[in-house]
Amino acid sequence: SILQASPEVHIPPENWKLGHTISLFQKYRWILSWEELVHLVVGMHEHQGERWFSEPPTDLVNDLVATSEENQTLSEILDQLYRFHGDQQSVAFNRWGDKTPMNVRFMHSILDVFPEAKFIYMSRDVVDVVHSWIQTGYYDEVEDPALRWKRAAKNAEEFSSQYPDRLIRIRYEHLVRDPTQSVKHVCNFVGVSFDPSMLERRSEGKVASEIDKHDHYAAVNDPISDKNIGKGHKNMPEKIK
């Protein structure tokens, strides 16, 4: 929501299909026609749980189908897809991003498609993360969310060791205690101008559809605060931690 508040950036709802889309495109690129590949990629994004489009993106599909042969690449489809989503929201921007946590599993694949991509890895105390997951109702025990945290941390560490200039690690605790310093660090890394107003996270005219649909996003628009640091340590039984 902080980066989304920048006039330079547009970030659509979470894209749970991005990694799978890349795999399918690579699998079928020699079998399907360009038009069929366009329908495959756009269709996977159109029919997500958090629907990106209120109506079929016919204009986008037609423009992509007409793409010149030398530009018929997956990066072209995805770039135009993300930009079309921003245009549908009537917002001005020159950069787009993706905020899907699951992408920590697909960073190598994404980098293959977008060699200049940069990744922001937000890490948080594992006990607080597990407690937060349980509070959302997605889990009712600690093992699965703890393993999910561990896998994500391992993926980020391995990727960073191979591509140290492509990934930045931001600690949640540092961000909420000193947001100005942390966000300046992020902006410098991704090449976005920092403005203090970004910390207020006002993104007039930009979509934030998930906030209204999920209870666990209710605090997204609240002022940045460190009140949730250590919440898991305070509320979870010691024998579980």
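The values are calculated or read from the model by the stated rules, or taken from the named source; none is laboratory data. Given the structure is predicted, the values throughout are model-derived calculations rather than measurements. Backbone-built Cβ (ideal geometry, glycine too); neighbour counts: all protein chains shown. Note: accessible area is taken over every heavy atom of the protein model, side chains too, but ligands, DNA and RNA are not part of it. Shrake-Rupley method; radii C 1.70, N 1.55, O 1.52, S 1.80 Å.
The figures follow:
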item: When residues of the range 129-171 are limited to those that are modelled with pLDDT of 95 or more and among the acidic types (Asp, Glu), the one most open to solvent (accessible area, probe 1.4 Å); result: Glu157
item: Residues located in the range 111-128, provided they are surrounded by 18 or more Cβ atoms within 10 Å (Cβ to Cβ) and of a type in the set (Val, Ile, Thr); result: Val113, Val127
item: Selected residue (criterion: modelled with the highest pLDDT) from residues of the range 28-42 that are within 19 Å of Gln88 (Cβ to Cβ) and open to solvent by less than 20 Å² (accessible area, probe 1.4 Å); result: Val38
item: Lone qualifier among Phe53, Phe25 - being under 19 Å from Val91 (Cα atoms) and in contact with a helix residue (DSSP H, G or I) (Cβ under 8 Å, 6 or more places away or on another chain); result: Phe53
item: Residues that are open to solvent by less than 70 Å² (accessible area, probe 1.4 Å) and either free of Cβ contacts under 8 Å to residues at least 40 places away in the same chain or under 19 Å from the mean Cα position of the chain (by Cα) (or both), drawn from the range 177-191; result: Asp178, Thr180, Ser182, Val183, Val186, Cys187, Phe189, Val190, Gly191
item: Failed criterion for Ala92 (all others in (1) in contact (Cβ under 8 Å) with a residue 24 or more places away in the chain; (2) part of a helix (DSSP H, G or I) hold); result: (2)
item: Number of positions in the range 57-88 that are open to solvent by 50 Å² or more (accessible area, probe 1.4 Å) and in a loop (DSSP other than H, G, I, E, B); result: 3
item: Matching helices (runs of 4 or more DSSP H) fully within the range 172-231 where at least 1 residues are at pLDDT 70 or above, more than 21 Å from Tyr138 (Cα to Cα) and touching a Pro at 6+ places or on another chain (Cβ under 8 Å); result: 179-190
